[in-house]
Ligand code: UD2
Ligand code: MN
């Protein structure tokens, strides 16, 4: 969101990762589904989903097990398109995965970063063998069938680097200088950074804060190359309850001294319910 300042080291390109393997089938992104009932009627691969939006390939090519964590509030039409595309996209990669929707059901300002922490913590409780976590916006749809979802022990990975915005057709924008949208970390990388900050209420700053924590904890951050990190991003208005956070610059100035005492180790939330739905596990949270 907020542009990185010149004092921040440049995020380098991700090295090829042996744990990743390319899918051979072209992926056709489909943006026409706006209704979740459509999934029930038309999509055969959905039949093979396990309860709670999990999938296990018949012949797994690796032991990788990915948790996709989505911060969420009232984005029904984006969610339907996301599920249709992303289930298909991930199944083409022959990996085991689960999709978690972390739904903020209170009336407070939206807290994207806090929801990521909750999703990580709850997903770990449910299945501690999940070793690779994708912190993933609901409005970003992968547009490259050869982009593989995996974690690298060398660096926390920033995935959405080349974004085709629905609002500005024709133009593919370079997001390499940001650290929002989608990042992938192993459980130990995420714990080492003390997760995300819990202090960012409303829009902006939390993604830059996370990059600072990754670095402050002595870890690397890498970009998926621009040629590979292609996504479609939906046009949308600023959500009610997610107005720009006027404190974000002040908070970003404090990250160095606060990151160890603000994050995964200071989570404060209530789970209202965990629903194992057909396409995803929904964690309803209030802060
Ligand atoms: C940018 C970043 C995003 C985040 C945000 C600042 C990229 C590509 N995107 O996106 O990652 O850092 O700035 O906070 O770098 N959401 C809901 N309901 C709401 C509000 C938000 O579900 O009422 C979720 C949803 O998953 C959404 C995400 O939060 O995709 C980010 O919010 P946004 O889409 O409004 O932010 P945007 O597009 O400005
Ligand atoms: Mn968005």
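Return yes or no: is residue 163 near ligand 1 (Cβ under 9 Å from one of its atoms) and either assigned to a strand (DSSP E or B) or surrounded by fewer than 21 Cβ atoms within 10 Å (Cβ to Cβ) (or both)?
Considered against the rule, which asks whether it is near ligand 1 (Cβ under 9 Å from one of its atoms) and either assigned to a strand (DSSP E or B) or surrounded by fewer than 21 Cβ atoms within 10 Å (Cβ to Cβ) (or both), residue 163 comes out as yes.
So which strands (runs of 3 or more DSSP E) stay within region 203-285 end to end and still have 3 or more residues that are closer than 22 Å to residue 154 by Cα and away from ligand 2 (no atom under 16 Å from the Cβ)?
221-223
Quick one: would you say residue 176 is more than 15 Å from ligand 2 (Cβ to nearest atom) and either surrounded by fewer than 21 Cβ atoms within 10 Å (Cβ to Cβ) or in a helix (DSSP H, G or I) (or both)?
Yes, satisfied.
Could you list all residues from region 179-202 that are part of a strand (DSSP E or B) and more than 16 Å from ligand 2 (Cβ to nearest atom)?
Selection gives 184, 185, 186.
Check whether at least one residue in region 183-204 is buried (at least 17 other Cβ atoms within 10 Å of the Cβ), within 14 Å of ligand 1 (Cβ to nearest atom) and modelled with pLDDT under 90, and report yes or no.
no
Results for (1) within 16 Å of ligand 2 (Cβ to nearest atom); (2) more than 20 Å from residue 269 (Cβ to Cβ), shown as yes or no for each residue.
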position: 67; (1), (2): no, no
position: 92; (1), (2): no, yes
position: 118; (1), (2): no, no
position: 122; (1), (2): no, no
position: 126; (1), (2): no, no
position: 157; (1), (2): no, yes
position: 161; (1), (2): yes, yes
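For region 76-103, how many residues are within 26 Å of residue 205 (Cβ to Cβ) and touching a helix residue (DSSP H, G or I) at 6+ places or on another chain (Cβ under 6 Å)?
Of the residues in region 76-103, 2 are within 26 Å of residue 205 (Cβ to Cβ) and touching a helix residue (DSSP H, G or I) at 6+ places or on another chain (Cβ under 6 Å).
The values are calculated or read from the model by the stated rules, or taken from the named source; none is laboratory data. Predicted model, so just to flag it, every value in this text is computed and none were measured. Positions of Cβ are backbone-derived with ideal geometry, glycine not excepted, and every protein chain shown enters the neighbour counts.
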